[in-house]
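A quick write-up on the structure given underneath.
The values are calculated or read from the model by the stated rules, or taken from the named source; none is laboratory data. Computed from a predicted model, the values in this text were never measured in an experiment. Neighbour counts are summed over all protein chains in view; Cβ atoms, including those assigned to glycine, are modelled from backbone coordinates with ideal geometry.
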Amino acid sequence: MTERYQLIVIGGGPAGLGAAIRARENGLSRILIVERDVELGGILNQCIHNGFGLHYFGEELTGPEYAGRVTDRLEGQGIDIVCDTMVLSIESGAEGHRLCLMSAKEGYRFLDTKALVLAMGCRERTRGAIGIPGTRVAGILTAGTAQRYVNMEGYMVGRRVIVLGSGDIGLIMARRMVLEGAEVLACVEIMPYSGGLARNLVQCLDDYGITLLLSHTITRIKGKSRVEGVTVQQVDASLKPIEGTEQDFDVDTVLLSVGLIPENELTRAAGITIDPRTGGPVVYENKETAVDGIFACGNVLHVHDLVDYVTEESEEAGKAAAMYVLGQEKEHPEKLEKEAIDVVAGPGIAYTIPQKIRPAGESEKTRIFFRVRQPYKSPKRLVLRDGEQIIASSRRPYMAPGEMEHLMVNQHMLEMIKGRTLVLSVED
Amino acid sequence: MYDVAIIGAGVVGRALAYTLSSFELSVALIEKENEVAMGASRANTAIIHAGFDPTPESMMGQLSVEGMRRCYQLCEELDVEHRKTGSLVVAFEESQKSVLEILYRQGVENGCQGLELIDGQETRRREPKLSEGIQAALWAPEAGVINPWEFTLAMAEVAVRNGVVFMPDREVTGLAWQGDHYQVTFSLPEVVQARFVVNAAGVNSDLIHQMVATSAFEIVPTRGEYYLLDRTVGPLVHSVIFYSPTTQGKGVTISPTIHDNFIIGPNSEIIEDRSDTGVTRTGMDHIGEMAIQMLPSLDLRANIRNYAGVRANSRRGDFYIRMSAEHFLDLAAIKSPGLTCAPSIARLAADLLEEAGLPMRKKSLWKGGRRVIRFKEIPEEERQAFIKDNPLYGRVICRCETITEGEIVAAMKREIPPVSIDGVKRRAGTGMGRCQGGFCGPRVLEILARESNRHPLTVEEDGMGSFILTAETKGGCAHD
């Protein structure tokens, strides 16, 4: 097996770029980024609104600006880039990984690499995934597809709009449609709370007088060729529509913002363990997956709220990939595997990243990312326990599922762990 | 003046057009929608039935096995995606077991081969995920799955190549016998004259019939709803699984598709509006329950699409095929297994037309056959060279199904080019997968507009008026 690259990064969005740059900074010289779109930057390119970069760059940027900042760092680094190229498969062997790539320019070919970073991002859940009754007519789009038409192609997708789901892209697109002259009649959310960031609820809905109907859902879409209207109903505690609460909305467009799914078809086909809670691979503290030398970061790992955290996470993955390639890991992975501790999502917690920690691993500090299952409006304590022993804890005045949380764990605390599992939970 | 005007470009009309295209005849195929296969031919269970279901004395019984065999032959000749999977009718209780025996005897009489009655254990040996509650099953090795759109299109393409005139966007409003020909009128100021008229109007076939004859049958529009599950749930089953018919009617089917996804459905609901292909919560819940009874581990969260089709059922419970008036042939009330029977219905129709005086002389020059390049089917070692010669086949447009730009552009250049996003989907397979066109939709729209010299604003998602884009943004579009 000819080792062509030290590292191949699949995906040229913020996650892939962050990982590639950090791997370069940590000593790798033969790196390739594979991007399926015609340019780097990923979904940031169509997110022309601002609000990016406050945490990482300390200033407020638009999506394309943030993408530009990250892409600029590639300059002069000697990192190979191929765009308009799909990775069709990953095959892992004893000495590394063989990727099948396809593009119009380079055709169908195989490349070998020692390490691999998965940074393919995520996709949107569709109408099928939530099964809305009614006809299958034009005018029903996911918010991200609408965003592409409006922001990238320059076309409007409707005049009278209802948004189903209150994920961030839905909220952003509600505002965007108003700015382009459409009327947005409501944003409808089946849960009793929004799935989006608090700041988006204020800046995208409140500021534009758009009603947010919580505990409501669309129960019927009407129309012969294009949407002619929808029926919205209130739902009960078990999310079933309540009879007699029907309201009809005269709309020609339904935008769906009903969740994001990490894009892990390649990952699954490569035999990498997937966590059903995140939809992404199970990873260790250094973002390495269950397969040696394959790392994952960004939305392919778990859906993030802010791109800033994607960048930070991808830098960890890029550094770890470099250490792996250069053989600078402290211990042999197999030995580490034996010591691995499972991090379990306890009461109130939806998932954790990483799912496994090797106490003798590389990091001095391990950051556990997670989301809570429900909103907490009063102060709560986050507690990470090894049996009865508290390993880390932190107090939060407010928490919501729409916002990612994290907890720092010091290395010396990890070394004291006696059990095999750590449980993270929300406590009073 | 045409020799024959066929009303309806579903699978039946298309099969007849294909058959007639090999004779020295001028044929018009009239369709009210903008495309072929816009009715029940596109929203069904996509199965080639083995032929044990209908009673031997029924027309369906007489046409089933011939149709099934001819379907496979046509799939080979026309490069239509299909797979012989076999089917199982599963029984949970004694009363259903006796139904299996009846089906077995009918099948033998209809000419099915290889039928087997097996017990529950053997059923689960063949399909390990099926329920422990299943007591017995009827195995029919000749059943299979098919791409019903491609089947219809393939016959349509060959027909058009051999001179059949396809006339979409024309809803027939009148039929008048003029002594030696019919005058066919539309909502448009246009008239078609034809010596023979064939009614293949599917769910509207009774309305067409009543334009020339007294009412002989009534279509009872029956809606069937479906789930389409992503292949990530699989493999659930390898063959087509039918719930044994009970007094409540035929049960739900679980079937793999030719693309390795899974179809679950249909229910059966009589509806008022013949065009109502909406799905309902009650229908979806019912199908889900029935399917889980057969496959307890089924996870419906893998659903990628719900759809519904309206079947042209009639109270007679059988096809209605006969010369109902002077030079007027009904191919009506074609319900399940209409897709499987389409080729044998076409053969019978040609016989009936000939008996009624239509001169049938074989064409000396008939261009049959059809080949489609599907990137996924190109052997791995040839792919590099193939893309070098055809770079568009190196650009993946539909990521879920790995469909390339080359396949879309090729579809645009066939005898009946697609006019809509779903038209491309039905030809090239884009947008069939888990993202349902979320990623590739905008790119398909761009390619469709480019290749057909249309403005993107005029591109429809599916049928007439199903526009996707409504205007340019304030800043204008990116492509002017």
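Scan segment A:180-232 for residues that are farther than 30 Å from B:GLY283 by Cα, among the small types (Gly, Ala, Ser), more than 14 Å from chain B (Cβ to nearest Cβ) and in contact (Cβ under 8 Å) with a residue 60 or more places away in the chain and the total you get is 2. Could you tell me whether segment B:466-473 includes any residue that is in a loop (DSSP other than H, G, I, E, B), surrounded by fewer than 22 Cβ atoms within 10 Å (Cβ to Cβ) and facing chain A (nearest Cβ under 7 Å)? Yes. Could you go through segment A:56-65 and let me know if any residue there is of a type in the set (Ser, Thr, Tyr) and in contact with a helix residue (DSSP H, G or I) (Cβ under 8 Å, 6 or more places away or on another chain). Checked segment A:56-65: at least one residue is of a type in the set (Ser, Thr, Tyr) and in contact with a helix residue (DSSP H, G or I) (Cβ under 8 Å, 6 or more places away or on another chain). Within segment B:219-271, the set of residues being within 28 Å of B:LEU331 (Cα to Cα), free of Cβ contacts under 8 Å to residues at least 12 places away in the same chain and among the β-branched types (Val, Ile, Thr) is empty.
The condition of being of a type outside the set (A, V, I, L, M), crowded, with 23+ Cβ neighbours inside 10 Å and either on the phi > 0 side of the Ramachandran plot or touching a helix residue (DSSP H, G or I) at 6+ places or on another chain (Cβ under 9 Å) (or both) does not hold for B:GLU132.
For segment A:348-428, give me every one of the strands (runs of 3 or more DSSP E) that falls completely inside it and has 2 or more residues that are among the polar types (S, T, N, Q).
A:389-396, A:421-427
A residue that is more than 25 Å from B:ASP260 (Cβ to Cβ), of a type in the set (S, T, N, Q) and touching a Phe, Trp or Tyr at 6+ places or on another chain (Cβ under 8 Å) can be found somewhere in segment B:24-33. Taking the criterion of being in contact with a strand residue (DSSP E or B) (Cβ under 6 Å, 6 or more places away or on another chain) and surrounded by fewer than 24 Cβ atoms within 10 Å (Cβ to Cβ), the only residue of segment B:28-42 that qualifies is B:ALA28.
Looking at the structure I just gave you, is B:VAL192 within 19 Å of B:TYR307 (Cβ to Cβ) and aliphatic (A, V, I, L, M)? Criteria not met by B:VAL192.
The listed residues are B:THR253, B:THR280, and the only one of them that is within 26 Å of B:ALA342 (Cα to Cα) and within 23 Å of the chain's Cα centre (by Cα) turns out to be B:THR253. Consider segment A:233-264 and keep the residues that are more than 14 Å from chain B (Cβ to nearest Cβ) and assigned to a strand (DSSP E or B). The one that is farthest from A:ARG160 (Cα to Cα) is A:GLN234. Return yes or no: is A:ALA94 at pLDDT below 95 and in the same structural domain as A:MET120 (by TED's automatic domain parsing)? For A:ALA94, the condition - at pLDDT below 95 and in the same structural domain as A:MET120 (by TED's automatic domain parsing) - is met.
Residues in segment B:42-58: is at least one assigned to a helix (DSSP H, G or I) and of a type in the set (Ser, Thr, Tyr)? No, segment B:42-58 has no match at all. Of all the residues in segment B:385-399, those that are without any contact (Cβ under 8 Å) to a residue 40 or more places away in the chain, crowded, with 22+ Cβ neighbours inside 10 Å and more than 7 Å from every other protein chain (Cβ to nearest Cβ) number 1. When you check A:ASN286 against the structure, is it touching a helix residue (DSSP H, G or I) at 6+ places or on another chain (Cβ under 9 Å), under 29 Å from A:HIS406 (Cβ atoms) and more than 12 Å from chain B (Cβ to nearest Cβ), yes or no? Against the criterion (touching a helix residue (DSSP H, G or I) at 6+ places or on another chain (Cβ under 9 Å), under 29 Å from A:HIS406 (Cβ atoms) and more than 12 Å from chain B (Cβ to nearest Cβ)), A:ASN286 qualifies. Of the strands (runs of 3 or more DSSP E) entirely within segment A:5-83, those holding at least 1 residues that are of a type in the set (D, E, K, R) occupy A:80-82. The requirement of being in contact (Cβ under 8 Å) with a residue 60 or more places away in the chain, of a type outside the set (Lys, Arg) and surrounded by 21 or more Cβ atoms within 10 Å (Cβ to Cβ) is fulfilled nowhere in segment B:441-452; no residue meets it. Taking the criterion of being part of a loop (DSSP other than H, G, I, E, B), surrounded by 15 or more Cβ atoms within 10 Å (Cβ to Cβ), among the charged types (D, E, K, R) and out of contact with any helix residue (DSSP H, G or I) (no Cβ under 6 Å at 6 or more places or on another chain), the only residue of segment B:362-384 that qualifies is B:ARG374.
With respect to A:THR311, is the statement that it is within 14 Å of another protein chain (Cβ to nearest Cβ), surrounded by 20 or more Cβ atoms within 10 Å (Cβ to Cβ), within 25 Å of A:GLU124 (Cβ to Cβ) and modelled with pLDDT of 95 or more true? Talk me through it step by step, then tell me what you get.
On the way: within 14 Å of another protein chain (Cβ to nearest Cβ): no; surrounded by 20 or more Cβ atoms within 10 Å (Cβ to Cβ): yes; within 25 Å of A:GLU124 (Cβ to Cβ): yes; modelled with pLDDT of 95 or more: yes.
It is false that A:THR311 is within 14 Å of another protein chain (Cβ to nearest Cβ), surrounded by 20 or more Cβ atoms within 10 Å (Cβ to Cβ), within 25 Å of A:GLU124 (Cβ to Cβ) and modelled with pLDDT of 95 or more.
Among the residues of segment B:1-26, those that are in contact with a helix residue (DSSP H, G or I) (Cβ under 6 Å, 6 or more places away or on another chain) and surrounded by fewer than 24 Cβ atoms within 10 Å (Cβ to Cβ) comprise B:THR19, B:SER21. The condition (being in the same structural domain as B:PRO256 (by TED's automatic domain parsing) and within 17 Å of B:TYR243 (Cβ to Cβ)) is satisfied by just one residue among B:GLY120, B:GLY114: B:GLY120. At least 2 residues being farther than 15 Å from B:SER239 by Cβ is the threshold, and among the strands (runs of 3 or more DSSP E) wholly inside segment B:62-123 those reaching it are B:116-119.
Of these, A:GLY18, A:GLY27, A:GLY13, A:GLY76, which one is closer than 25 Å to A:MET404 by Cβ and out of contact with any Asp or Glu (no Cβ under 6 Å at 6 or more places or on another chain)? Working first, answer last.
Working: A:GLY18 fails: out of contact with any Asp or Glu (no Cβ under 6 Å at 6 or more places or on another chain); A:GLY27 fails: closer than 25 Å to A:MET404 by Cβ; A:GLY76 fails: closer than 25 Å to A:MET404 by Cβ.
Exactly one residue qualifies, and that residue is A:GLY13.
Pick from segment A:159-179 the residues that are within 21 Å of B:GLU472 (Cβ to Cβ) and either assigned to a strand (DSSP E or B) or of a type outside the set (D, E, K, R) (or both): which of them is nearest to the other protein chains (Cβ to nearest Cβ)? Among them, the one singled out is A:LEU179. Every residue in segment A:273-302 that is of a type in the set (Val, Ile, Thr) and buried (at least 22 other Cβ atoms within 10 Å of the Cβ), please. Scanning segment A:273-302 gives A:THR278, A:VAL283, A:THR289, A:ILE294, A:VAL300.
Scanning segment B:349-384 for residues that are under 25 Å from A:ARG268 (Cα atoms), among the acidic types (Asp, Glu) and within 11 Å of chain A (Cβ to nearest Cβ) yields B:GLU380, B:GLU381. Residue count for segment A:102-156 satisfying the condition of being more than 7 Å from chain B (Cβ to nearest Cβ), of a type in the set (Val, Ile, Thr) and part of a loop (DSSP other than H, G, I, E, B): 1. Residue-level check: of (1) within 19 Å of A:PRO401 (Cα to Cα); (2) not in a helix (DSSP H, G or I), A:LYS224 misses just (1). Of the residues making up segment A:202-259, those that are in contact with a Leu (Cβ under 9 Å, 6 or more places away or on another chain) and of a type outside the set (Val, Ile, Thr) number 14.
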